[in-house]
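What follows is a short report on a single structure.
The values are calculated or read from the model by the stated rules, or taken from the named source; none is laboratory data. Owing to the predicted nature of the structure, the values given are computational and were not obtained by experimental measurement. A quick note on method: Cβ atoms are made from the backbone with ideal geometry, for glycine too, and the neighbour counts reach across all protein chains shown.
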Amino acid sequence: MTSRLDELADAANRALRAKNMAAVAQLEAERALGQYIAETAADTNPDTKARLRVLGIDRHRITAARKLAAVPDEQLSLFCSNTMAAGKEITNQGALKLLPRAAKPEATGPAAYAAPPIDTEIARRYGLDLGEHLAELLANSIENGLARLTNDNQRAVWMQYIGVNQDGSYTSPMSFDAIGTRYGWSRPTAAALYYRASHYVRGQIASDAYAQIRTLLS
């Protein structure tokens, strides 16, 4: 029994190492792509953007590639080696967390809440957990939805109710009562602002999912 257990554990560890080696290769390729796009502004040229879509590179992947290219080489190398040594899986989301965080603004009003970086854990806090194969799509869609919100109050309430800081880190979620007290609103007002933001974010998720389906079927 012990021999069989050792055999299975060894096979699982070897599979994880192989997966991580592939993940490192993908990170390096995505970083090279992001660096090229950043240096040539390829994502601002309509013809080049159309060519990227044909090649399977959508705007979410372009954004992620450019962010990965901004991660310092030394930090990424250390992240990969430490992750593999700990027997964990290397992911793009983990690498993106190495990006320097902007200093938190001193202002505490709703206007101080710009759209934060979103990861899969925040997507799960929002009640969306459809499996790892959709996790990155969900995170990108939420981030895009928040970035496009033109109402600062709605964005601020969404972030505080879900429990996410300006820099994308986690914090304790606030109730509608606490949010209303903070800004001098009634509880129904705080709740209405959240649900309007939530409606917009979920609309962005639906739009991105439809675009993904069209890409897969084309």
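Descriptive notes on the structure:
- Of the residues making up region 166-183, those that are surrounded by fewer than 16 Cβ atoms within 10 Å (Cβ to Cβ), part of a loop (DSSP other than H, G, I, E, B) and of a type outside the set (D, E, K, R) are Ser169, Thr171, Ser172, Pro173, Ser175.
- Residue check for Ala12: under 16 Å from the mean Cα position of the chain (by Cα) and either among the hydroxyl-bearing types (Ser, Thr, Tyr) or part of a helix (DSSP H, G or I) (or both): no
- Cβ separations smaller than 6 Å between residues 6+ apart or across chains give the following pairs from region 66-82 residues that are within 14 Å of Gln26 (Cβ to Cβ) to residues that are among the polar types (S, T, N, Q): Ala69/Gln35.
- Any hit, region 16-25, residues being more than 25 Å from Ser77 (Cβ to Cβ) and either surrounded by 12 or more Cβ atoms within 10 Å (Cβ to Cβ) or small (Gly, Ala, Ser) (or both): no
- Here the helices (runs of 4 or more DSSP H) wholly within region 63-165 that include at least 2 residues being modelled with pLDDT under 80 are 120-125, 132-148.
- When region 1-15 is filtered for residues that are exposed (fewer than 10 other Cβ atoms within 10 Å of the Cβ) and either touching a Gly at 6+ places or on another chain (Cβ under 7 Å) or in contact (Cβ under 8 Å) with a residue 60 or more places away in the chain (or both), nothing remains.
- Any chance Val54 is at pLDDT 85 or above, loosely packed, with under 14 Cβ neighbours inside 10 Å and of a type in the set (Val, Ile, Thr): yes
- Residue within region 193-200 that is without any contact (Cβ under 8 Å) to a residue 12 or more places away in the chain and within 25 Å of Asn140 (Cβ to Cβ) present: yes
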